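Notes follow the structure.
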Amino acid sequence: MVQSGSALPGIAAHVAERDPASASDRFHGVRLSDSFDPRALFAGRHAHDVVASYERPDRGFALVAVGVAARVQLDPGAPISALRTAASALLARPLATEHHALRPRLLGGFAFDTARTPAGPWAGFAAGSLLLPRLLFVRDGALSGVVLAPGVDRSELDALCARAAAPAPPADEGAPPRLVQDFDATAWQSAVTELAAGVRSGRYEKVVLAATRELGGVAPIDVGATLARLRSGYPHCHLFSFAHDGATFLGASPELLVSVAGGAVRALGLAGSARRGATPAEDDALGDALLASAKDRREHEIVVRAVRAGLAPLTDELHAAAEPVLQRLPNIQHLATDVRARARAGTDLLALIAGLHPTPAVCGWPADAARRAIYEHEPFERGWYAGTVGWLDAAGEGEFAVALRSALVRGPRAWLFAGAGIMGDSCPADELAEIELKFRPLTGALTGGRA
């Protein structure tokens with residue numbers, strides 16, 4: 001990876017050459033050397049400057065936010081669309097840019113249940129929030145650059161350059177974090193049995209039951225190194241990190257909630273899981289069995305049906321593939337259905353998020369009944385886990401992912417989360433095996449594979 005100081009010193013001079021008098025009243029999009037990789041800002045001592053990030057590694061796309069110019073927060077119980085006016089105001093200043101990719105964006109997310117303020121280890125996280133970075137570093141294919149918020153001056157850029165150019169301290173090679181508190185697997189399987197009975201009796205069609213486990217150590221967990229391992233191991237996922245009050249929520253999600261680009265809307269129905277095989281033949285056999293599984297197909301259809309219903313009032317030309325395909329990750333494979341549409345006039349990304357979140361992939365169906373069942377059986381706070389995270393721009397376009405395969409990191413401690421969809425014929429042992437598969441990506445990333 002390119003060292004973070006290699007291109008940063010040129011920013012201040014570059015901006016000063018353009019229009020220094022206007023720095024206080026407009027955004028500036030400044031192109032940097034194509035060799036500069038903004039993800040290097042996560043390295044060593046510099047990671048604390050990063051307040052948020054969102055990546056699609058397989059697409060060469062990364063947003064890395066340094067500093068907070070402004071933040072808007074969702075009041076518990078308020079609709080997600082309530083942030084629209086404030087979000088638009090944050091992006092309303094003029095823009096001077098060298099490339100369309102170098103435009104201002106807001107990064108943020110929403111809790112699983114936006115009616116509640118996250119508690120416990122989630123202290124400081126709101127029901128939902130969107131932040132405007134002071135410096136937004138962008139990597140889009142071969143292009144690298146930075147977007148400066150109004151009011152960012154040369155002295156601030158010089159200070160960042162000095163920090164980035166300073167040698168990083170030696171990496172801590174001490175013992176990795178270890179398991180310090182686990183969920184009760186016996187009680188969890190009993191809950192699966194009870195929920196499955198509720199499905200059979202008609203209380204709900206599906207409930208997603210999650211579990212959490214805590215890792216801990218002596219040294220603070222290296223967020224940058226954790227993200228680097230996820231980037232290497234899960235390049236086709238949505239990588240993200242959001243920091244609040246000394247804690248960072250991070251992960252590598254396989255699931256798109258919704259995106260809008262040029263009026264084109266995309267969503268993904270993802271539900272139904274199986275492990276990967278040790279050989280190509282075993283892998284194919286497991287995939288074929290997943291595609292043929294009546295239980296997994298019913299679970300998947302509930303999700304696709306809800307995604308279509310959520311998009312229908314807001315879009316035209318709505319189309320979902322007739323049959324799911326396999327989405328394969330290094331340790332697990334899922335049933336996936338791509339859903340596409342065209343946004344109607346006046347429909348923006350926040351409206352689409354509000355129409356979809358939470359999907360049955362993370363909650364269940366019907367949502368209200370499933371949520372009540374979740375609160376009866378989960379003895380922990382989900383916070384932003386199973387919520388949604390991403391970015392949006394001034395045109396109301398952008399991309400949000402479902403916040404899965406994730407962990408909350410606070411100093412030397414980390415809380416990992418994983419869940420499984422419970423149907424009427426769910427087998428508790430099989431569902432337990434599934435969440436163990438889903439714990440693996442973050443366990444490996446946090447421990448460096450030394451757990």
Going through (1) at pLDDT below 95; (2) outside any strand (DSSP E or B) one by one, R203 fails only at (1)
The condition from (1) surrounded by fewer than 19 Cβ atoms within 10 Å (Cβ to Cβ); (2) in contact with a helix residue (DSSP H, G or I) (Cβ under 9 Å, 6 or more places away or on another chain); (3) not in a loop (DSSP other than H, G, I, E, B) that A433 misses is numbered (2)
In region 258-294, which residues are in contact with a Pro (Cβ under 9 Å, 6 or more places away or on another chain) and without any contact (Cβ under 8 Å) to a residue 24 or more places away in the chain? none
Residue within region 67-75 that is in the same structural domain as G109 (by TED's automatic domain parsing), in contact with a strand residue (DSSP E or B) (Cβ under 9 Å, 6 or more places away or on another chain) and in a helix (DSSP H, G or I) present: no
Output for region 295-304, where each listed residue is of a type outside the set (V, I, T) and either without any contact (Cβ under 8 Å) to a residue 60 or more places away in the chain or exposed (fewer than 15 other Cβ atoms within 10 Å of the Cβ) (or both): D296, R297, H300, E301
Among the residues that make up region 221-236, is at least one of them without any contact (Cβ under 8 Å) to a residue 24 or more places away in the chain and either outside the structural domain of P441 (by TED's automatic domain parsing) or of a type in the set (D, E, K, R) (or both)? yes
If the Cβ limit is 7 Å and pairs must be 6+ apart or interchain, which residue in region 181-209 that is under 16 Å from C427 (Cβ atoms) pairs with which residue that is of a type in the set (K, R)? V199/K206
Scanning region 76-116 for residues that are farther than 17 Å from H357 by Cβ and either of a type outside the set (A, V, I, L, M) or without any contact (Cβ under 8 Å) to a residue 12 or more places away in the chain (or both) gives T85, S88, A89, R93, P94, T97, E98, H99, H100, R103, P104, R105
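Conditions tested, residue by residue: (1) surrounded by fewer than 23 Cβ atoms within 10 Å (Cβ to Cβ); (2) within 16 Å of P79 (Cβ to Cβ); (3) in contact with a strand residue (DSSP E or B) (Cβ under 6 Å, 6 or more places away or on another chain); (4) of a type in the set (D, E, K, R).
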| residue | (1), (2), (3), (4) |
| --- | --- |
| V325 | yes, no, yes, no |
| R328 | yes, no, no, yes |
| A341 | no, no, yes, no |
| T347 | yes, yes, no, no |
| G355 | yes, yes, no, no |
| A361 | no, no, yes, no |
| Y375 | yes, no, no, no |
| E381 | yes, no, no, yes |
| T388 | no, yes, yes, no |
Any residue in region 309-323 that is within 20 Å of A261 (Cβ to Cβ) and in the same structural domain as R297 (by TED's automatic domain parsing) sitting within a Cβ distance under 6 Å of a residue that is polar (S, T, N, Q) and outside any loop (DSSP other than H, G, I, E, B)? List the pairs, counting only those 6 or more apart or interchain. A320/T337; A321/T337
When you scan region 311-364, how many residues do you find that are part of a strand (DSSP E or B), within 30 Å of D284 (Cβ to Cβ) and among the aliphatic types (A, V, I, L, M)? 7
Complete set of residues in region 311-348 that are touching a Phe, Trp or Tyr at 6+ places or on another chain (Cβ under 9 Å) and under 18 Å from A361 (Cβ atoms): L329
Taking the stated definitions as given, is A309 within 17 Å of G355 (Cα to Cα) and surrounded by fewer than 16 Cβ atoms within 10 Å (Cβ to Cβ)? yes
Does region 87-108 contain any residue that is modelled with pLDDT of 95 or more, outside the structural domain of G387 (by TED's automatic domain parsing) and among the β-branched types (V, I, T)? no
Region 239-283, subset among the hydroxyl-bearing types (S, T, Y) and more than 30 Å from R413 (Cα to Cα), residue modelled with the lowest pLDDT: T279
Out of all the residues in region 121-133, is one or more under 22 Å from the mean Cα position of the chain (by Cα) and assigned to a helix (DSSP H, G or I)? yes
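The values are calculated or read from the model by the stated rules, or taken from the named source; none is laboratory data. Given the structure is predicted, the values throughout are model-derived calculations rather than measurements. Cβ sites come from the backbone with ideal geometry, for glycine too, and all protein chains shown count toward neighbours.
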